[in-house]
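One structure is given here, and the rest of the page talks about it.
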Amino acid sequence: MSAIRKILMATIAIAAVAGQAAHAQDVKVLRIGLDGGENESDQIRRTECVKDGLAKATGVSEVQLFPSPDYNGVIQGLLGGTIDLAVMGASSYASIYLKDPNAVTPVLTTKQSDGSTGYYSIMVARKDSGIKTLADAKGKKLGFADPDSTSGYLVPNVSLPKDIGEPVKQYFSETGFGGGHENLVLGVLDKTWDVGTTFGSAQGEWEQGYTSGNLRIMVDKGILDMDDLVEVWKSPLIPNGPLMVSNKLSDDMKTKVTAFFKDLPKTDKTCFESFTGGGYVDWEPVDQSFYQTIIDARKSVIGG
């Protein structure tokens, strides 16, 4: 290669890097993805409290919320760079990591009052269905929350066969998806599904939907009476999902975003509880290694 050609290629490379850096630092809008685990209006209402504070902390002109009807919409947004940050389950992070290990960085996860950073997949049935155990559920219709849900799909498919002694699709007469955790539970109540998988902390009182998780959110919204349900099965502990930040943002911007959320339990506890769905007391720093078991499980069950 001639000296002139080397100089030209080096100049192009330097310009490209400089252009990327300028773009990364010229962020005017931060976009938060919402994964469709509950209905759109409630999810926006719970999360919009962070918008003004995050904009001020990062120096952007606006923070926008982007609700998706399902988990995959946010996953694709994070992969493609149209979403800058999101809080999702561990399986959703695993999906992103398996497609592009450099797309996002997990920075924080929620912590319960006992210091734990995990939750459980919980299978529920109508109380009047006569289904109280896994044995009672044999040959019944099983609903999953979403194909990218950790508690609503991945973990049940890993853990249930160990407890029932055969593949899930052989044990149940039918399986399918309920369109998110809230809709899945409503589907159990309206008899679309005999049993369904959702999530909760498994701490506190059953009557209150435990201390945190989808059941508690639905109870707090007044759309679920726990007396109408029974718990049929509970999984091993699952790591709480991460707050993920896009690596398309500059390091300085990622630091500012992380610092804002890390301080939120102290600066605005009410907003922190609303944003995280309630039942949590703080954040815990995490990295990719915290989710390695879920990454491995996702790769073995779904493949990506």
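Some observations on this one:
- Some residue of segment 157-175 being closer than 17 Å to residue 215 by Cβ, surrounded by fewer than 24 Cβ atoms within 10 Å (Cβ to Cβ), modelled with pLDDT of 95 or more and not β-branched (Val, Ile, Thr): no
- Test for residue 18: is it assigned to a helix (DSSP H, G or I), surrounded by 10 or more Cβ atoms within 10 Å (Cβ to Cβ), out of contact with any strand residue (DSSP E or B) (no Cβ under 7 Å at 6 or more places or on another chain) and modelled with pLDDT under 95: yes
- Qualifying residue in segment 248-262 (condition: of a type outside the set (Ser, Thr, Tyr) and more than 19 Å from residue 27 (Cα to Cα)): yes
- Every pair of residues 6+ apart whose Cβ atoms lie under 7 Å, when the first sits in segment 59-78 and is touching a residue at least 40 places away in the same chain (Cβ under 8 Å) while the second is surrounded by 19 or more Cβ atoms within 10 Å (Cβ to Cβ) and among the polar types (S, T, N, Q): 71/92; 71/149; 74/68; 75/92; 75/95; 78/246
- Matching residues, segment 291-304, being surrounded by 19 or more Cβ atoms within 10 Å (Cβ to Cβ) and either assigned to a loop (DSSP other than H, G, I, E, B) or not β-branched (Val, Ile, Thr) (or both): 291, 297, 298
- Residue 31 being under 14 Å from residue 275 (Cβ atoms) and either in a strand (DSSP E or B) or modelled with pLDDT of 85 or more (or both): no
- Segment 206-215: number of residues that are modelled with pLDDT of 95 or more and surrounded by fewer than 22 Cβ atoms within 10 Å (Cβ to Cβ): 3
- Hits in segment 125-177 - residues which are β-branched (Val, Ile, Thr), free of Cβ contacts under 8 Å to residues at least 60 places away in the same chain and in a helix (DSSP H, G or I): 164, 168
- Test: residue in segment 147-163 that is over 18 Å from the mean Cα position of the chain (by Cα) and under 15 Å from residue 185 (Cα atoms): no
- Put simply, of 219, 185 the only residue that is under 21 Å from the mean Cα position of the chain (by Cα), within 20 Å of residue 110 (Cβ to Cβ), aliphatic (A, V, I, L, M) and part of a helix (DSSP H, G or I) is 219.
- Residue-level check: of (1) farther than 27 Å from residue 292 by Cα; (2) in a strand (DSSP E or B), residue 196 misses just (1).
- Which listed residue, of 230, 245, is in contact (Cβ under 8 Å) with a residue 40 or more places away in the chain, in a strand (DSSP E or B) and surrounded by fewer than 23 Cβ atoms within 10 Å (Cβ to Cβ): 230
- Considering the conditions (1) in contact with a Ser or Thr (Cβ under 6 Å, 6 or more places away or on another chain); (2) surrounded by fewer than 16 Cβ atoms within 10 Å (Cβ to Cβ), residue 91 is excluded by exactly one of them, (2).
The values are calculated or read from the model by the stated rules, or taken from the named source; none is laboratory data. The structure displayed is predicted, hence computed values, not measured ones. Note that each Cβ is placed from the backbone with ideal geometry, even for glycine, and that neighbours are counted across all protein chains shown.
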